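Worksheet: the structure to be examined is printed underneath.
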Amino acid sequence: MHVIAFISLDHFYAQVRGAAEAEAEVWVLHHEKAVLDASVSARIRGVAVGMGVSEARTMLAGEGHFEAWEPEPYRQAQEHWLSILAAFCDVIEPAGQHAAFADLSGHPNPEATATLLLADLTKRLGLNVLAGVGSARFVARLAAERGDPIFLALKNPKQFVAAFPVEVLPLAAEISTRLRFLGYATIGQVAGLSLDLLRPVFGEAALEIARASKGRGDAQIEAVYPPKCVSARFAFDGPVESS
């Protein structure tokens, strides 16, 4: 079974900005028309990560400094925290400079590894670290965003995702829209459908829908970091007799 971790650093960009942020009492960093990070004073006034820039401007009544994200000022800090992650895992795929997916499938105890990783990052970076572990990328991300202290997303992914809306499934938007139109608003409702019911309506996408609704699916992690690294996995034909 795949074991995927998603790690996200809260307030990463504001910390890197440091003293410069203090000069601008209200500061918002944005990318692709959405808030990527914000100073404490901006958050207190209602600005949240992921919020649309226009909504953030309205929230701040036109005040504050809005800055478009550029990768270079944060590159060194990104490499620093990814190097910490690389001590625990050799298959890492960044998802922005503040977040990354990591494949922990090779660890005999991925839950313990994730706990140690979270503690190490928190201690060494001084940031609030969000981490989730699941059998698929989207499940791990949900576990990190919503909190999953008992690792339910890994132990029982079908139960963990059941109450979420169909829109969070890793499916084309038109498929999610069609599922809701047909009366299936939650992932749990979709999980109750058989392939015989899904195939006439969704054709080849039926199997993908069925797998995703049970918390499976998009588990492939691309080994992007460290750069110029090679990662491979193989299984022994029988039991390993020596270390």
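The values are calculated or read from the model by the stated rules, or taken from the named source; none is laboratory data. From a predicted model like this one, the values you see are computed outputs, not experimental measurements. Reconstructed Cβ throughout: ideal geometry from the backbone, glycine too, with neighbour counts over all protein chains shown. Note: areas computed on protein heavy atoms with side chains; ligands, DNA, RNA excluded. Shrake-Rupley method; radii C 1.70, N 1.55, O 1.52, S 1.80 Å.
Here are a few things to note about the model shown:
- The fraction of Cα-Cα pairs per 10 angstrom bin, counted from 0 for the chain, comes to 7, 26, 29, 25, 10, 2, 0 percent, rounded to whole percents.
- DSSP-defined antiparallel bridges as percent of all bridges, the stretch 1-91, nearest 5: 55 percent
- Label zone (Glu25, point 7 Å along Cα-to-C-beta; backbone nitrogen cut-off 11 Å) within the stretch 53-77: 64.
- Distant alpha-carbon pairs in the stretch 146-243 (separation over 24 angstrom), percent: 42 percent
- Backbone phi angles across the stretch 30-38, fed through the Karplus curve with coefficients 6.51, -1.76 and 1.60 (θ = phi - 60°), yield HN-Hα couplings of 9, 8, 6, 6, 10, 6, 9, 6, 7 Hz in residue order; Gly and Pro are listed as x.
- Residue-by-residue Karplus 3J(HN,Hα) for the stretch 172-185, coefficients 6.51, -1.76, 1.60, Hz, glycine and proline x: 4, 4, 5, 6, 4, 4, 5, 4, 5, 4, 7, x, 9, 8
- Note on Ala223 and Asp120: the model spin-label points, each 7 Å out from Cα along the C-beta direction, lie 1.8 nm apart.
- Loop-located GluC sites (Glu not before Pro) in the stretch 146-243 (DSSP state other than H, G, I, E, B) with a sparse environment of at most 11 neighbouring Cβ atoms within 10 Å: Glu204, Glu241.
- Of the GluC sites (Glu not before Pro) in the stretch 46-89, the ones in a loop by DSSP (not H, G, I, E or B) with at most 14 other beta carbons within 10 Å are Glu63.
- The stretch 86-215 pair-distance distribution - Cα-Cα, 5 Å bins, rounded %: 2, 10, 19, 21, 16, 12, 10, 7, 3, 1, 0
- For the stretch 54-151, convex hull of alpha carbons as volume per residue, Å³: 134 Å³
- Loop-exposed trypsin sites (Lys or Arg not before Pro) per DSSP, neighbour cap 11 Cβ within 10 angstrom, longest uninterrupted part of the chain: 34-227
- In the stretch 31-83, inverting the average of 1/r over every pair of distinct C-alpha atoms gives 12.1 Å as the Kirkwood radius.
- The heavy atoms of His2 present about 70 square angstrom of accessible area, all protein chains included, probe 1.4 Å.
- The chain: most fluctuating residue of Val91, Val224, Val201 per GNM, C-alpha cutoff 10 Å: Val201
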